[in-house]
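The values are calculated or read from the model by the stated rules, or taken from the named source; none is laboratory data. Model, not experiment: these values are computed from the prediction. Cβ atoms come from the backbone with ideal geometry, glycine included; neighbour counts cover every protein chain shown.
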Amino acid sequence: MKKYFIKKVLIYILTFFFAVTIDWAIPRFMPGNPINSLISRFSTLPESVKVLQSYFTQSFGLDKPLWEQYLNFWKALFKGDLGISIYLYPQPVTKIILRALPYSLIVLLPAVLLSFAIGNRLGAFVARKRKLDNIALPIFYTLTSSPYFWLGIILAWIFGVVIPLFPIAGAYNFGMIPSLSWEFIFDFLYHWFLPFGSLFLVLLGSWAIGMRNMIIYELEANYSRYLEALGASQRLIRRYAYRNAILPQVTGLAIQIGTVVAGSITTEIVFSYPGIGYILVQSIMNQDYFLIQGCFLFIIFGVLLSNLLVDIFYVVIDPRIRKTYSGEV
Amino acid sequence: MNQKEFLHFFVKNKKVVFAICVYIVLITLAIIGPYISPYKDPLEFVGPGYQPPCKEYWLGTNTFGQDIFTQLVYGLRSSLLVGLSGGTLATVLGLFIGFVAGYKGGWFDEILMMFTNILLVIPTLALLIIIAAYLPYRGIFIESLIIGFTGWPWIARAVRSQTLSLKTREFVDLARITARGPIKIIFGEIMPNMMSYVFMVFIIEFGVAIHSATGLDFIGLGPTRGISLGIMLQQATLWNAIQLGMWWWIITPGAIITLMVATLYVMNAGLDEVFNPKLREM
């Protein structure tokens, strides 16, 4: 058990190390020297060129040898210093990202967890039921293969324009000040519903298909046949199949997290939802490299953390791992 | 399974036949589309903006008066190209690394798999963003190159585990006794036994590459010149096509992507039935 976690955590630490190194290396070694091109954008203002030039030299430590630059990058990182945003000058990148983070999480977490719970049930329910399967499967396939943001666009168009039920931009009414009043919470949920819904639907399709295939596979397994021969009820057999099939789905959850985060980035753009994805695109459009790099690191960190959580969850639900590693089997 | 038997199940499988038909239509559209369209340049301003589909503009025009049908067929071309080249590159890389890691074993395997696991955790789109954001000029070729170079890890891992189980079989041992080199064993003995799997992996990766490219284009990191389905949707969102109710601008590009990827999934499920007799009875 300990060995299992040590191995996993080691990989995650290495991954983080790798990501930070990429984050450090790309602006320095990319062809076309992004720092110069950034400075040249201000060439009409010779004063600011000087300020920027000295700022970059200082913050990137460009006058120092490479290994020292690399060490300083890590030192700054541990202090939570990711540089200063150019587009929202002079706010520090960390502050901007931390402000956006809750918005991303509040859409992502419920969408992932609910779709996992409901999608798996749905998939298990339709498996091996001819008529139902024939109707449900094409729907699931369509949901899972549509780009996240496109489903968001379609939902926004149908429920925001054709039938104006929901607002389609922002996280709350611009006239409102965030507070803990019922009025604000209601307005917040009202804005939250469509971005959440579009992520939820795409994910629902992929879980349902995965579960359906797994159940069919499990129903073919010897233990199912044996139960059938013993005269067990279909319900009982399916229940056993479900418990076996959920394990690969949890592994799938860990693999999917990266894709889901990427999907939420694009969804936030559609709804102008002020999460990390929205900030990321703003920074790309404004060539705000510090902010792009900061978002990258935060996304990686979040994905690593959730992978670790899934690993822990896996040990909790699968007694076999627990037993093998603690030497009971 | 001999060739005749395979062909029999291949042609009889409805899912596979459906998928092939859809792809024949799409590829034909991508090839001849630009010739049957009345307008040559997808970026040309051909008429008034805000036109819904009509006889003159088959799928309408966007805000600037560009023809959506023309953009669509060119976008379809680039999507298929990115899917094909990005998917092929990722599959070839994944195969190569999986074979080498699985067959060689030892510390070589450890290091390769560690690297694979690291790349597997990092979200591909985040990696693509950080690379693409720093490229001043981007084209379809570069786009598929970076998609290919970031898409291989899961293939490598799957191929490695298959190689591990295949390399202990008798026929591989026999080949080794006859002093055949590792490259010959990998390509002559191990790979032919995995061909069905490799093909299915390629199909999935084809879809993944299309999705990645669309996401990248939508974020604004697509090709700096030219048009793609993702760029169409990006512009539509940027110019408030949703609020203006220009459904013809937002539905068709996304529907084509969805159709392309969904068909690949259906093809995959069909091929699974062809190769795997256990699933066939349904």
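No other residue among B:219, B:210 is at pLDDT below 90 and crowded, with 20+ Cβ neighbours inside 10 Å apart from B:219.
Looking across segment B:172-183, the residues that are surrounded by 12 or more Cβ atoms within 10 Å (Cβ to Cβ) and within 34 Å of the chain's Cα centre (by Cα) come down to B:172, B:182. Scan segment B:143-156 for residues that are within 11 Å of chain A (Cβ to nearest Cβ) and out of contact with any Ser or Thr (no Cβ under 9 Å at 6 or more places or on another chain) and the total you get is 0. Across segment A:134-152, the qualifying residues are those that are over 19 Å from the mean Cα position of the chain (by Cα), buried (at least 17 other Cβ atoms within 10 Å of the Cβ) and at the interface with another protein chain (Cβ under 9 Å from one of its Cβ atoms), and the one among them that is nearest to residue B:234 (Cα to Cα) is A:142. Against the test of being in a helix (DSSP H, G or I) and out of contact with any helix residue (DSSP H, G or I) (no Cβ under 6 Å at 6 or more places or on another chain), the options A:155, A:151, A:101, A:108 yield a single qualifying residue, A:101. Look at (1) surrounded by 18 or more Cβ atoms within 10 Å (Cβ to Cβ); (2) farther than 21 Å from residue A:122 by Cβ; (3) without any contact (Cβ under 8 Å) to a residue 24 or more places away in the chain and you find that residue A:289 fails only one, number (3). The condition (being surrounded by fewer than 23 Cβ atoms within 10 Å (Cβ to Cβ), more than 25 Å from residue B:210 (Cα to Cα) and in contact with a helix residue (DSSP H, G or I) (Cβ under 7 Å, 6 or more places away or on another chain)) is satisfied by just one residue among B:52, B:136: B:52. With respect to residue A:108, determine if the residue is closer than 25 Å to residue A:273 by Cα and more than 9 Å from chain B (Cβ to nearest Cβ). Answer is yes for this residue. A count restricted to segment B:142-168 and to residues that are touching a Leu at 6+ places or on another chain (Cβ under 9 Å) and either without any contact (Cβ under 8 Å) to a residue 60 or more places away in the chain or not in a loop (DSSP other than H, G, I, E, B) (or both) stands at 17. Does segment A:227-245 contain at least one residue that is free of Cβ contacts under 8 Å to residues at least 60 places away in the same chain, touching an Asp or Glu at 6+ places or on another chain (Cβ under 7 Å) and either more than 10 Å from chain B (Cβ to nearest Cβ) or assigned to a helix (DSSP H, G or I) (or both)? Yes, segment A:227-245 contains a residue that is free of Cβ contacts under 8 Å to residues at least 60 places away in the same chain, touching an Asp or Glu at 6+ places or on another chain (Cβ under 7 Å) and either more than 10 Å from chain B (Cβ to nearest Cβ) or assigned to a helix (DSSP H, G or I) (or both). Listed by first and then second residue, the pairs linking a residue in segment A:99-120 that is within 18 Å of residue A:294 (Cβ to Cβ) to a residue that is hydrophobic (A, V, I, L, M, F, W, C), with Cβ atoms under 6 Å apart and 6 or more places separating them unless they lie on different chains, are A:100/A:276; A:100/A:279; A:103/A:171; A:104/A:276. Taken together, the residues in segment A:116-135 that are touching a helix residue (DSSP H, G or I) at 6+ places or on another chain (Cβ under 7 Å), closer than 12 Å to residue A:211 by Cα and not hydrophobic (A, V, I, L, M, F, W, C) amount to 4.
Contact map, segment B:250-278: first residue more than 10 Å from chain A (Cβ to nearest Cβ), second residue assigned to a helix (DSSP H, G or I) and among the charged types (D, E, K, R), Cβ cut-off under 8 Å, separation 6 or more or different chains; pairs are B:267/B:15; B:270/B:14; B:270/B:15; B:273/B:15. Looking across segment B:107-128, the residues that are facing chain A (nearest Cβ under 7 Å) and closer than 16 Å to residue B:213 by Cα come down to B:123, B:124, B:125, B:126.
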